[in-house]
1. Just reorder R121, R22 by solvent-accessible area, largest first, 1.4 Å probe, all chains present.
2. Which length gain, in nm to one decimal place, applies between S191 and D141 when the Cα-Cα distance is subtracted from 0.36 nm times their residue separation?
3. Relative to the first principal axis of the alpha-carbon coordinates of the chain, what is the inclination of helix 144-156, with its axis defined by its Cα atoms, in degrees from 0 to 90 and to the nearest 10?
4. When the chain is modelled as a GNM with alpha-carbon springs shorter than 10 Å, which of K137, K13, K44 fluctuates the most?
5. Grab the Cα-Cα distance for E68 and R215, subtract it from 0.36 nm times how many residues apart they are, and report the gain in nm with one decimal.
6. Give the percent of DSSP beta bridges with both residues in region 4-224 that are antiparallel, rounded to the nearest 5.
7. Output the relative contact order of region 172-227, whole-number percent, from Cα pairs under 8 angstrom with separation of 6+ residues.
8. Once you list every other residue whose beta carbon is under 15 Å from the beta carbon of C50, what net charge do they have if Lys and Arg are +1 and Asp and Glu are -1?
Amino acid sequence: MADPIITASGLTKSFGATAALRGIDLEVARGEVVAVMGPSGSGKSTLIHCLAGVLAPDTGSVAVDGTELTALSADARARFRLERIGFVFQFGQLLPDLTAVENVALPLLMAGARRRDANERSLQWLDRLDLADQAGKSPGDMSGGQAQRVAIARALAPQPSVVFADEPTGSLDSVAAENVLTAMLDVVRESGTTVVLITHDARTAAHADREVIVRDGLLSGTAPVGAR
Ligand SMILES: Nc1ncnc2c1ncn2[C@@H]1O[C@H](COP(=O)(O)OP(=O)(O)OP(=O)(O)O)[C@@H](O)[C@H]1O
Ligand SMILES: [Mg+2]
């Protein structure tokens with residue numbers, strides 16, 4: 001691969017007697033959108049947690065944007081995640097007592113931005129996700145799809161090297177899921193952000209550049225979307 005932003009090799013990870021990853025090699029190109037599919041319990045979340053530096057694999061190595069994560073201490077990995085990695089979860093995990101604009105500004109403030117600058121950038125990202133009119137609302141007063149778009153704005157606003165999304169539309173009905181996904185991928189493709197996205201839904205995976213399939217802790221296939 002010409003310019004991989006993620007290079008993982010020989011990843012294994014066990015939880016007690018459960019071998020969640022049994023030897024995974026994966027490269028992701030800069031700007032690529034990769035869909036990770038596979039049965040429940042096959043190791044998808046464990047894989048992206050290792051790629052993102054949330055979990056340390058038992059063996060193998062992970063490099064993200066030139067940094068060898070597996071050589072870092074847990075503290076250094078946490079700092080790397082704050083600065084370079086974005087996350088989107090199935091249930092947004094927004095802070096319920098903050099407004100949309102405050103939720104999106106929070107990681108910017110944590111990275112050292114001044115409040116005015118953070119709020120301004122937060123509003124710009126909300127606008128890009130068509131949420132300008134939701135900026136002052138708290139997550140509990142929004143639809144599920146709106147709240148997920150706020151979570152996406154929060155992940156993208158710090159301009160991370162890679163965004164990892166674990167079933168970002170898994171809690172939405174199919175129309176809302178399609179809208180949220182389309183909004184996310186428009187912005188991601190415009191900004192050249194690399195995305196690794198877990199999904200159970202073939203229609204969601206069809207928006208990616210490439211699908212990889214995890215079965216029983218191993219990659220059982222990888223193909224450009226549309227090639228099969
Ligand atoms: N913290 C943990 N402690 C113990 N076992 C775990 C832990 N995390 C994952 N596992 C086990 O590792 C295996 C892989 O789990 P993982 O969460 O990666 O699956 P998944 O493919 O994301 O599944 P799903 O589609 O249901 O989210 C499963 O057998 C799971 O029970
Ligand atoms: Mg999972």
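The values are calculated or read from the model by the stated rules, or taken from the named source; none is laboratory data. Owing to the predicted nature of the structure, the values given are computational and were not obtained by experimental measurement. Neighbour counts are summed over all protein chains in view; Cβ atoms, including those assigned to glycine, are modelled from backbone coordinates with ideal geometry. SASA here: full protein model, heavy atoms, side chains in, ligands and nucleic acids out. Shrake-Rupley method; radii C 1.70, N 1.55, O 1.52, S 1.80 Å.
1. The ranking, largest first, comes out as R22, R121.
2. Gain in length upon complete extension: 15.1 nm.
3. Computed tilt is about 70 degrees.
4. Taking springs between Cα atoms under 10 Å, the residue moving most is K137.
5. Length gained between E68 and R215: 50.3 nm.
6. Once the DSSP bridges in region 4-224 are tallied, antiparallel ones form about 55 percent.
7. Relative contact order here is 22 percent.
8. Every neighbour counted, the sum reads 0.
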